[in-house]
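The values are calculated or read from the model by the stated rules, or taken from the named source; none is laboratory data. Since we're looking at a predicted model, the values are computed, not measured. Note: ideal-geometry Cβ built from the backbone for every residue, glycine included; neighbour counts use all protein chains shown.
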Amino acid sequence: MKQKMLKNILSVVVLAALTIALGGCAGGKAGDGSSLDSGIVIGIPQDIEDSLDPHEAVAAGTKEVLFNMYEGLLKPDSEGNLNPALAGEYSISEDGKTYTFKLREGVLFHDGTAVTAGDVKYSIEKCADAGNGDALNLAAAFSNIKELNTPDDKTVEIVLKEKDTDFLSYMTVAVIPEANKEPRTDPIGTGPYKFVSRSPQESIVMEKFEQYWGEPAHIQNVTFKISPVDTAVMDLEGGSIDMYARISSAQAAQLGDNFNIEEGTMNLVQAMYLNHDCEYFRDKRVRQALCYGIDEQGILDLTSEGKGTVIGSSMFPAFGKYYMDELKDTYPRDVERAKELLAEAGYPDGFSFTVKVPSNYQPHIDTAQVLAEQLKEIGVTADIELIEWDSWLSDVYTDRNYEATVVGVDAASLTARALLERFDSEAGNNFINYKNAEYDAAFESAVNTTDDGEQTKFYKECEKILAEDAANVYIQDMASFVALNKRYAGYEFYPLYVQDVAKLYILE
Amino acid sequence: MKKKNWNLLIGGLLSGIMLLFIVVGFFYTPCSPEAMDNAAKFAGVSAKHLMGCDHFGRDIFSRILKGCGNTFIVAFGTVLIGTLCGIFLGAFTGYYGGVLDEILMRVNDAVFAFPSILLALVFVSLFGGGKYNIILALGIAFVPSFARIVRSEFIRCKNMDYVKSARLMGAGDLRIMFVHILPNVMPVLVSSVLIGFNNAVLAEAGMSYLGIGVQPPEASLGRMLSEAQSYLFSKPSMAFLPGLMIVLLVLGFSLMSEGLKRER
């Protein structure tokens, strides 16, 4: 009996000692975390595996990090405007073919050397040469350049073969010093943050660039830490990261009081894309019936607590002047009308088709489930088939071997063309096999017009045709949630896939 | 007096209840297992929703009823394919032996060398997922273990006196194999079928959890678990209830197989 008691006491002592020891560890760590010098830790879902060279990086996840290190002659802002950056001012000739950029005075690279016209020329030529891999798909756009002159050290003059109203948006391409021979491992740019180190599969560290030409960053040190989406909530709650972009509404709901949830939009067009080569969807009446059959707001309510923006065509609100909000009402929910249309089309008892959904995107799976449930009411059966992302890319996107699919399509650049070009009959990435002469004509007029107002008008017409022709079952621009520790503020959403750390600041 | 076989009793009772549950699920669910209701999102326990509702406002009780059925169909189909193919392969190779035995058993070993889930994954990536493909995929993966058991039993039995006397009576090979030897193999086979069934339930849950088994919005226990993981903290019952069902289903059949071993 006595022995047993001794044992009990002993175990209590050991336990207590252990607790103190472990507590000591935790205390030390917390101390490190709260000191402001250590800077902010931002969770990113995957490693920067492609390249630190801005002209070779392809993954959106890489570009959003590199945005903080590199800049071009022009820089996009959170409103979607292109502002002068390295070029203090620029002018476009009357015929729209000659662009003259005057470099801003006193802009330094991270290594302390001044930016010269030669560096700009080198960077643009590096991208224009498709032999370099053409990761940014700019070679085609830059093949339009007839001459690239540098009359003096601070002036760059670009002469185009043909007028291109989208040309300025390509001038956001990063400018890097010609002298740097190792941009892949030793990146040098002009951005508000400069590169410090990278540990593969672990993190990328940057620090504030003191001689930055523009509004300086607020936070001294920034670490981008790799933290898979599945464990993001745990990493946030555990304190190992301070910020994580693009979490789901379910994840946001799990986070405690230490975090502010910023709500923005994903900037993509989520829709049930229909293969127009499939016998059902060749018939406009069937497509219209599907559009009448779904209730977009109902989908939002069930999948994301009603967060998100209902859209009616291939354009999202971040595009400002091109976006037409009224199109979302083209096909309100009307079960009777849908049934009539189906009967007219020869399917009085409905039909069934397969929706392929990428299995790694839960929001799309959720949307597809609600969609299928809603379509039951008009007598249409949508069988969901989950497929791997790789198979989606090869079977659906490349081989176009599908009936319908639920995904989100984004814009590669800040131009309406980036979203609308794919629906041209001849477009190589027209994965829905959309063929509409009226659309082709409108799109061609838009591309060939030099007047900005006219062009906007034609692009809007394109959107209208897509909406009225029920080209796809348009659903929403999904809500995007960013978790940010309450010690920080200043997060800004961009219409592009970037994280602007320079805007963040520490709350005292 | 013989000591009561508690294993068999409890196992049988548990399995009986589960089977009843499954049969009811086939014909009747209180709500449609796929009907969504925004107002009932994450609803708690009520008379209308005995186990509350999930993130789409679907009735969890109805989904469990239906889900148990789907899981059961997949597991049953898997074991059926595995057992039937296993009996044929095992019977012929065990009874005749020789070169055929050598070749088939080496192929068998090769298939056996892959973990069944991995094999099923390969199958699914080649032929696509879905309820019926998964039955075929898992079924094939389950053949080798049954074939081995049947084969070793056939080898043990083929030189026994009753087989010899049957042969003297002029019975044909097929008759000897399936009328004389097979019934004697049954006791061993039944307990391995029960264990196989358990493995199949777990395999289905695993495959559906990975998103390649039963396709949404259809319910299966694994599918429900997979959907519940985002809501583990906000609505734990969404994960707990289907998990409990898997445990009960597996426990019932395990206890039964334990009990049957004791009876022999």
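In the set (1) crowded, with 18+ Cβ neighbours inside 10 Å; (2) free of Cβ contacts under 8 Å to residues at least 12 places away in the same chain; (3) more than 14 Å from every other protein chain (Cβ to nearest Cβ), B:Met186 fails one condition alone, (1). You will find that of A:Glu207, A:Glu147, A:Glu162, the residue that is more than 23 Å from the chain's Cα centre (by Cα), part of a strand (DSSP E or B) and loosely packed, with under 14 Cβ neighbours inside 10 Å is A:Glu147 and no other.
Listed here are the residues, each with its yes/no results for (1) of a type outside the set (Val, Ile, Thr); (2) over 30 Å from A:Gly298 (Cβ atoms).
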position: B:Ala40; (1), (2): yes, no
position: B:Ala43; (1), (2): yes, no
position: B:Gly57; (1), (2): yes, no
position: B:Gly69; (1), (2): yes, no
position: B:Val74; (1), (2): no, yes
position: B:Gly86; (1), (2): yes, yes
position: B:Arg106; (1), (2): yes, yes
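Restricting A:Arg417, A:Arg422 to residues that are basic (Lys, Arg), surrounded by fewer than 19 Cβ atoms within 10 Å (Cβ to Cβ) and either within 30 Å of A:Leu82 (Cα to Cα) or within 14 Å of another protein chain (Cβ to nearest Cβ) (or both) narrows the list to A:Arg422. Only residues that are among the polar types (S, T, N, Q) and in contact (Cβ under 8 Å) with a residue 60 or more places away in the chain were counted in the stretch B:157-183, giving 0.
When A:Val380, A:Val355, A:Val335 are checked against the criterion of being among the hydrophobic types (A, V, I, L, M, F, W, C), surrounded by fewer than 18 Cβ atoms within 10 Å (Cβ to Cβ) and either away from chain B (no Cβ under 14 Å) or over 20 Å from the mean Cα position of the chain (by Cα) (or both), a single residue qualifies: A:Val335.
Please work out if B:Arg63 is touching a helix residue (DSSP H, G or I) at 6+ places or on another chain (Cβ under 7 Å), basic (Lys, Arg) and within 14 Å of chain A (Cβ to nearest Cβ).
yes
Looking across the stretch B:189-236 at every residue that is of a type in the set (D, E, K, R) and part of a helix (DSSP H, G or I), the one that is farthest from the other protein chains (Cβ to nearest Cβ) is identified as B:Glu204. Would you check if there is a residue in the stretch A:390-398 being within 14 Å of chain B (Cβ to nearest Cβ), not β-branched (Val, Ile, Thr) and not in a helix (DSSP H, G or I)? There is no residue in the stretch A:390-398 that is within 14 Å of chain B (Cβ to nearest Cβ), not β-branched (Val, Ile, Thr) and not in a helix (DSSP H, G or I). Quick check, is B:Leu126 free of Cβ contacts under 8 Å to residues at least 24 places away in the same chain, part of a helix (DSSP H, G or I) and either within 14 Å of chain A (Cβ to nearest Cβ) or within 30 Å of A:Val355 (Cα to Cα) (or both)? Yes, satisfied. Of the set (1) under 16 Å from A:Val473 (Cα atoms); (2) more than 11 Å from chain B (Cβ to nearest Cβ), all apply to A:Pro348 but (1). When the stretch A:247-265 is filtered for residues that are assigned to a loop (DSSP other than H, G, I, E, B) and under 23 Å from A:Gly408 (Cβ atoms), only A:Ser248 remains.
If only residues of the stretch A:295-312 that are more than 9 Å from chain B (Cβ to nearest Cβ) and out of contact with any Leu (no Cβ under 9 Å at 6 or more places or on another chain) are counted, the one that is modelled with the lowest pLDDT is A:Ser304.
In summary, helices (runs of 4 or more DSSP H) completely within the stretch A:266-368 and bearing 2 or more residues that are under 20 Å from A:Asn401 (Cβ atoms) occur at A:284-293. Within the stretch B:27-49, take every residue that is closer than 16 Å to B:Cys68 by Cα and surrounded by 12 or more Cβ atoms within 10 Å (Cβ to Cβ) and give me the one that is farthest from the other protein chains (Cβ to nearest Cβ). Filtering first and then ranking leaves B:Pro30. Restricting B:Ala219, B:Ala203 to residues that are out of contact with any strand residue (DSSP E or B) (no Cβ under 9 Å at 6 or more places or on another chain) and more than 23 Å from A:Glu373 (Cα to Cα) narrows the list to B:Ala203. Just one of (1) within 14 Å of chain A (Cβ to nearest Cβ); (2) modelled with pLDDT under 85; (3) part of a helix (DSSP H, G or I); (4) surrounded by 12 or more Cβ atoms within 10 Å (Cβ to Cβ) fails for B:Ile117. It is (1). Residue-level analysis places A:Ile219 outside the set of residues that are among the hydrophobic types (A, V, I, L, M, F, W, C) and under 21 Å from A:Val58 (Cα atoms).
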